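See structure below.
No value in this document is a laboratory result; all are computed from the given coordinates. Quantities reported herein were computed from a predicted structural model and do not represent experimental measurements. Using ideal geometry, Cβ is built from the backbone for each residue, glycine included, and neighbour counts are taken over all protein chains shown.
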Amino acid sequence: MDFDLTEKQRKFFDDILGEVRTRLGSSNTPDGQHFTRAQWKTAADIGLTGLCLPTEYGGGGLGALDTALCLEAFGQGCPETGLVFAVSAHLLACAVPVRDHAQAEVRGELLTGMARGDLIAANAMTEDEAGSDVGPLAMTAQRTGDDYILHGDKSFASNAPLADLFVTYAVTAPKAGFLGVSAFAVPAELPGADAGPLFDKMGLAGCPAGRVSFRDCHVPAEYRLGAEGQGSAIFQHSMGWERACLFGGYLGMMNRQLEECVRRADSRRQFGRRIAEFQSVSHRIAGMKQRLESARLLLYRACWLMDQEREYTSAVALSKLAVSEAAVANSLDAIQIFGGEGYLRHVGIERQLRDSVPTTLFSGTSEIQKELIARELGL
Amino acid sequence: MTESEIRESISAYIRERFLGGDHKGELEETSPLLEWGVLNSLNTAQLIGHIRVAVGVKIPAMEVNPENFRDVRSITALVTRQRTAAA
């Protein structure tokens, strides 16, 4: 067993961290505003929008663990966690299904556009009545000649208001239950595909999200991903990548947060001494470190299992649960360590909490992760 | 494990875990599991885990489709095929 990163892994982690700190490291976006196309192109220029896409299409050709390491560097160097999330969701929930299941006629063009940052993708799966349980999906796709006609509404689609491409899921065989679902990559310019207004969210303001409606939207059949009825498997596969790799970004955020807390405890003086000298403060930081390190080990192991093509369902669920719950707990601790200043928006500490709360909800709630873990135990 | 033992293992698991014991004996080899809503995404993942542990056969994600998971008969055929392919 070897817990060290390879020299190559260390180098690309350091290279990406340096690039991100230089080019995306200072927050120019007022809190509450989403990322700009220029920021997206910068992320693409660094290689972040195509980390695990094939090199022949401009991607990095990385596996799950190396992708997670790069996203960790991204999250550590970039204070705009909403941008980190937006790029990660684009890559893992949208580009991965296109990489693995798109038809030859459209695959190269879509992957090239997504890797280069010309195409921003949004994952449109959730519906008002279909969240954790995708069984009641209501959106339909009816085959007519060379097209499918998509009809229905999606919600909580990250990146949707700016998206050039929607990766979406619709019922093609109603009697087949959750396996009657098919996946599609839908160019946003097609008539009948429309993104709704921005959601006003608690956190991750840097990532715009909203509803998407499809009204008699004719989608050429070559934009179907995989075979009819494979939508559920394609979605679960992409969620495996998202639940594992996307949370690398939160490891990075927690690492930056920990460094900020150490500096704060070391520099802030009360009662004539550094507050780090109070065990109530230093032990709180030690607890943050323990949560971060244990979550990181679980995440690296989950990604490693994916790369080894071993069974990873339970390992990924454990990792997702650990990282998301650590992010919330550590962000609450960080506010306590910063005291009143931590409560002020311009300091940036309370924002980490608002950006962390949704981690226990998206990509499968904590409750769903525990259900998966329990069921893998045979319970 | 013979094909009939695989079939019985799958049937018994579905009866016990998803049908509350199926005391009325309604589950048949050709009962439409997807259409009846017996197999949803969570239950199917659990059944695949059972097949992995009890039969020693890993079901590839892309084989999880409506044809293969229509009923106990089709699931048994899938498991048998995968076991033969892996041998």
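Net charge of the neighbourhood of A:Gly342, taken over other residues with C-beta under 12 Å away and scored Lys/Arg +1, Asp/Glu -1, is 0.
Relative contact order of chain B, taken over Cα pairs closer than 8 Å and 6 or more residues apart, is 36 percent. Label the protein assembly as shown by shape, choosing from rounded, prolate and oblate, from the square roots a ≥ b ≥ c of the eigenvalues of the Cα gyration tensor; if a/c is under 1.5 it is rounded, and otherwise prolate applies when a/b is larger than b/c, oblate when it is not. Here the protein assembly as shown falls in the prolate category.
Cross-link partners among lysines for B:Lys24, C-alpha distance below 27 Å, same-chain residues fewer than 8 apart left out? Answer for B:Lys24, where 27 Å is the Cα cut-off: A:Lys175, listed by chain and number.
A straight chain from A:Met1 to A:Asp128 at 0.36 nm per residue would run longer than the Cα-Cα distance by 41.2 nm. Among the residues of B:12-23, the average count of other protein chain beta-carbon atoms within 10 Å of the residue beta-carbon is 0.
Under 5 Å from the amide H of A:Glu127 lie the amide H atoms of A:Ser155, each residue being 5 or more positions distant or on a separate chain, with H modelled from the backbone and absent for Pro and chain starts.
Counting only alpha carbon atoms, the long axis of helix A:104-116 and the longest principal axis of chain A meet at about 20°.
Compared with the dominant principal axis of the Cα atoms in chain A, helix A:313-338 is inclined by about 40°. Bridging of A:Lys201 to lysines at a Cα separation below 19 Å is possible for A:Lys154, once same-chain residues fewer than 8 apart are set aside. Across peptide A:127-139, the mean count of Cβ atoms from other chains lying within 10 Å of each residue's own Cβ comes to 1. Here A:Cys207, A:Cys217, A:Cys245, A:Cys70 are placed in order of increasing Cβ neighbour count within 10 Å, fewest first, which gives A:Cys217, A:Cys207, A:Cys70, A:Cys245. The mean number of partner chain beta-carbon atoms within 10 angstrom of a residue's beta-carbon across peptide B:36-45 is 5.
Please report the net charge: other residues with Cβ closer than 13 Å to the Cβ of A:Gly240, K and R +1, D and E -1. Local charge sum for A:Gly240: -2. Averaging the sequence gap over all C-alpha pairs within less than 8 Å and six or more residues apart, then dividing by the number of residues, gives chain A a relative contact order of 16 percent. A straight Cα-to-Cα reach below 13 Å connects A:Lys289 with the aspartates and glutamates A:Glu259, A:Glu260, A:Asp333, residues fewer than 8 places away in its own chain not being considered.
In whole Å, what is the distance between the alpha-carbon centres of region B:24-75 and region A:175-231? Distance between centres, Cα-based: 28 Å. Helix A:231-241 and the long axis of chain A differ in direction by around 20°, with both axes built from C-alpha atoms. Normalised by the number of residues in region A:247-376, the mean separation of alpha-carbon contacts (under 8 Å, six or more apart) gives a relative contact order of 26 percent. Specify whether the C-alpha gyration tensor of region A:247-376 places it in the rounded, prolate or oblate class, a ≥ b ≥ c being the square roots of the eigenvalues: rounded for a/c under 1.5, otherwise prolate if a/b is larger than b/c and oblate if not. The shape class here is prolate. Modelled spin-label separation between A:Lys175 and B:Glu3, with each label point placed 7 Å from Cα along the Cα-to-Cβ direction: 2.5 nm.
A cut-off under 12 angstrom between Cβ atoms defines the neighbours of B:Arg73, and their net charge, with Lys, Arg +1 and Asp, Glu -1, is -3.
Paramagnetic label reach from A:Glu259 (point 7 Å along Cα→Cβ; backbone nitrogen cut-off under 20 Å): within region A:30-51, residues A:43, A:46-48.
A simple rule links phi to the HN-Hα coupling: the Karplus curve 6.51 cos²θ - 1.76 cosθ + 1.60 with θ = phi - 60°, which for region A:126-138 gives 4, 10, 4, 10, 9, x, 5, 9, 7, x, x, 3, 9 Hz, with x for Gly and Pro. Judged by the ratio a/c of the largest to the smallest principal axis of the C-alpha gyration tensor, region A:228-297 counts as prolate, that ratio being 1.5 or greater while a/b is larger than b/c. Between A:Tyr148 and A:Val219, A:Ala221, the built amide H atoms are under 5 Å apart, and every one of these is 5 or more places off in sequence or on another chain. Restriction of the chymotrypsin sites (Phe, Trp or Tyr not before Pro) in region A:234-306 to DSSP coil positions whose beta-carbon has at most 12 other beta-carbons within 10 angstrom yields A:Phe271. Centroid-to-centroid, using Cα positions, region A:1-53 and region A:66-80 are 6 Å apart. Over the residues of the protein assembly as shown, the helix contribution to mean residue ellipticity at 222 nm works out to -15500 deg cm²/dmol, using -39500 (n - 2.57) for each DSSP H run of at least 4.
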